[in-house]
Amino acid sequence: MTVADDLHESVHARRVMERLQATIRAAGGWLPFDEYMALALYAPGLGYYSAGAHKLGAGGDFTTAPEISPLFGRCLARHCAQVLGELGGGDVLEVGAGSGWLAFDILLALDESGALPARYRILEISADLRERQRHLLSTLPARVAARVEWLDAPPTEPWQGALLANEVLDALPVESFAWQAGVPLERGVALDEAGALRWQSREARPALRSEITRLQEELSADATTAAPWREGYVSELCTRAGPWIAEMTRAMSAGVALFIDYGLPRREYYHAERSAGTLRCHYRQRAHDDPFAHPGMEDITAWVDFTRVAEAADAAGLSVLGFATQMAMLLGLGIEGEIIAAPDQATQIRRASEARQLLMPNEMGERFKAIALGREFDAPLAAFAHQDLRRTL
């Protein structure tokens, strides 16, 4: 980073901290963690996704699958082509398009196969990411770029097609809790005497207490789960996931919503041995677990409870069509064929190396999962031909 960049970051960090301190004091000295996370990530002009930090890819804070290889997008293009083919046409809606590389690779592949959607719609709340997307997608052939449009909110008019969200659910604000003496405590954010951010627990709000207790009782009754939680057990839950999924899919009259993220089914997510929670922060390509280290300048995420996603699907009138690891999904979508079809040996070798990052269990292959939620769609999906883990949800 240049001196100017460092100065800009320092000024921005101070503005974010001043806003957080004022908000915490106005709330009586304590802020629930989900509200802190929402401010740190999404406060207009200040939050990580609302300001101008370089977030993705080389020189950014983290790298997602589309930046690793075009293989990821080309495989998802096959999924989109299948959904659109079964429906007789429609749109693709990508939520949180990041750098734009996923859209770029999908559109190129769909153009090659003669399966372009009527529209490729991008719902993006980050102004700087939207500009990056516009710049990249403007380099597509004009007939392809003309299909792209940006949205400020989910569609309200009925539409059909494929919805994609890669690494979006993990950025929804989560509640944090601790289990003490058989009672759930809500973890929130307070200020120390010097005005620095710190954790502070208090009695959980009634609705949250009820939800945590329900989780604990559900897991304790399951013989496959190591229960009960030990004293001091810490974890997260995302009560916003259900309403958010319902909002994103409300106008989808027919189609498939595919969510890809790192996470686990509930029994594994809340296993007693996973006692320190799943919060992860990303800053300049380094991962750590302190959400107060660089507020407004770093990504804050939590792993996804995919059982909660399945429950949200049921509440929204959607069916769970498939659940699998990213490795199994990409194999089902023909990643091996994409490697073999590389135009020359050098490209084939490079693609094989990229594929290992996407597929290997110790890389992204098993940490990341894919879940498909459908409405008025009952055709078997190629993405889940190799694996069906729905029984684990």
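The values are calculated or read from the model by the stated rules, or taken from the named source; none is laboratory data. Model, not experiment: these values are computed from the prediction. Virtual Cβ from ideal backbone geometry, glycine too; neighbours counted across all protein chains shown. The accessibility values were calculated without ligands, DNA or RNA, using every heavy atom of the protein model including side chains. Shrake-Rupley method; radii C 1.70, N 1.55, O 1.52, S 1.80 Å.
For the chain, set up a Gaussian network in which alpha carbons nearer than 10 Å are linked by springs, and say which option among A40, A22, A312 fluctuates the most. Of A40, A22, A312, the most mobile in the Gaussian network model is A22. Just the number, please: carbon plus sulfur as a percent of the accessible area of region 176-232, 1.4 Å probe, no ligands or DNA/RNA counted. That share works out to 51 percent.
Keeping all protein chains in place, calculate the accessible area per residue for region 251-393 (probe 1.4 angstrom), answer in Å². Provide the component values of the computation, followed by the final result.
Numbers: 5970 Å² over 143 residues.
I get 42 Å² per residue for region 251-393.
A convex hull fitted around the alpha carbon atoms of region 73-204 yields 171 Å³ per residue. When the GluC sites (Glu not before Pro) in region 361-393 are filtered for DSSP coil states and for at most 14 other beta-carbon atoms within 10 Å of their beta-carbon, the remaining sites are E376.
Please compute the length gained on full extension between R202 and A26, using 0.36 nm multiplied by the number of residues separating them and subtracting their Cα-Cα distance.
Working: separation 176, 0.36 × 176 = 63.36 nm, distance 1.75 nm.
Full extension of this stretch gives 61.6 nm more.
Subtracting the Cα-Cα distance of E363 and E9 from their residue separation scaled by 0.36 nm leaves 124.4 nm. Which listed residue (A165, G89, L151) has the Cα farthest towards the positive end of the charge dipole for region 88-240, taking +1 on Lys and Arg C-beta and -1 on Asp and Glu C-beta about the Cα centre? It is L151, whose Cα lies furthest towards the positive end. Across all Cα pairs in region 207-260, the calculated P(r) in 5 Å bins from zero up to the longest distance comes to 4, 14, 18, 18, 12, 14, 12, 6, 2, 0 percent per bin.
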